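Undergrad: Right, I'll just put the structure down here and ask away after.
What follows draws every value from the coordinates through simple rules; no lab data is involved. Since the structure is predicted, the reported quantities are computational estimates derived from the model, not experimental observations. Counting neighbours? That spans all protein chains shown, and the Cβs are built from the backbone with ideal geometry, glycine included.
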Amino acid sequence: MVETAGMKHKGHTNPPGRQKIIEALTQLMQTRAFHSVTTAEIAERAGVTEGLIYKYFNSKKDLLYQVLDDLFARFNETVLERIAGKSSAIQQLEIIIASSIEYYAANRVFARILLLEVRNSQDYFASEAYDRVKAYARQIRDIIDQGIARGEIKADIDPQILRNVILGTIEHACLGEIIFSRTLDAPVVTHSISTILFNGAKA
């Protein structure tokens, strides 16, 4: 990917002030949309000066992308821990589906940022957060490729399309609940998705 000047965050260190700012925006977005939160409110919640925000972040949107990057890193660690030692590609994919839905349900700020807040911004696609999301999608593709190579998944399945179907199905299953703050029954949704994807819908 070609890096757009200024779109990567200003540093890779995580000093206390920077972390406080990230946590402040995360807390404010528990009840507020990103566009309605001001940098002055973020600074007040974090207990720092507004100028410190621009020391660590190029813009308010850059801060949003860093919040997503941090949350996605934690999510990916959880997924990797859960699939470790599972040799079956289908098992690993089922764990990814379950972990995604559980994480979206338990971390509504993460879900709202990923599914709603960032995708209408062109500069998101030049951010480190998007790099992380792409790397995660490649992990899923690799699992599918391994499953095809081992004969667990049909050889005539297009791995890219299956990867997209998995990710798209998860998002559509969760989107309404995220937008309207409805309760999401993660085990039921996970079972329904896995049954259709891996057993088929044909009677």
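Undergrad: Convert each backbone phi in segment 57-70 into a coupling constant with the Karplus relation 6.51 cos²θ - 1.76 cosθ + 1.60 (shift: θ = phi - 60°), then list the ³J(HN,Hα) values in order as whole Hz, x for Gly and Pro.
TA: Whole-Hz 3J(HN,Hα) from phi for segment 57-70: 9, 6, 6, 5, 5, 4, 4, 4, 5, 6, 4, 4, 4, 5.
Undergrad: Also, I was wondering about something else. Quick one: order Thr195, Thr78 by neighbouring beta-carbon count within 10 Å, fewest to most.
TA: Numbers: Thr195 11, Thr78 15.
The most exposed by this proxy come first: Thr195, Thr78.
Undergrad: Something else now. Highest GNM mean-square fluctuation, the chain, Cα pairs closer than 10 Å: which of Leu68, Leu162, Leu25?
TA: Taking springs between Cα atoms under 10 Å, the residue moving most is Leu162.
Undergrad: Now, a different point. Pairs on different chains or at least eight residues apart, Cα atoms closer than 24 Å: how many lysine pairs in the chain fit?
TA: 18
Undergrad: Taking 0.36 nm per residue of sequence separation and subtracting the Cα-Cα distance, how much length would be gained by fully extending the chain between Gln19 and Thr78, in nm to one decimal?
TA: 19.2 nm
Undergrad: Can you pull the one-decimal nm distance between simple spin-label points at Ala135 and Ile179, each 7 Å off the Cα toward Cβ?
TA: For the pair Ala135/Ile179, the computed spacing is 3.2 nm.
Undergrad: Quick one, can you get me the convex hull of the C-alpha atoms of segment 65-199 expressed as volume per residue in Å³?
TA: Numbers: hull volume 13.9 nm³, N = 135.
Residue-normalised Cα hull volume stands at 103 Å³.
Undergrad: Order 83-92, 148-157 from most to least packed using the mean count of other Cβ atoms within 10 Å. Before the final figure, lay out the partial values.
TA: Values: 83-92: 15.0, 148-157: 12.1.
The most tightly packed comes first, giving 83-92, 148-157.
Undergrad: Something else: When you have a sec, figure out the Kirkwood radius of segment 95-166 from all distinct Cα pair distances and drop it here in Å to one decimal? The partial results should precede the final answer.
TA: Details: mean 1/r = 0.0723 Å⁻¹.
So the Kirkwood estimate lands at 13.8 Å.
Undergrad: While we're on this one: Please find the FRET efficiency linking Val188 to Ala149, where r is the Cβ-Cβ separation and R0 is fixed at 41 Å, and quote it to the nearest 0.05.
TA: Working: r = 32 Å, r/R0 = 0.78.
For R0 = 41 Å, the calculated efficiency reads 0.80.
Undergrad: Turning to a different aspect of this structure: Express the relative contact order of the chain as a whole percentage, based on alpha carbon pairs under 8 Å and six or more residues apart in sequence.
TA: Numbers: 173 pairs, mean separation 47.6, N = 203.
23 percent.
Undergrad: For the pair Gln160 and Phe198, how long in nm is the line joining their label points, each one 7 Å along Cα→Cβ?
TA: For Gln160 paired with Phe198, the spin-label model returns 2.5 nm.
Undergrad: What percent do you get for the relative contact order of segment 125-203 when only Cα pairs under 8 Å and 6+ apart count? The partial results should precede the final answer.
TA: Working: 23 pairs, mean separation 14.7, N = 79.
Computed over segment 125-203, the figure is 19 percent.
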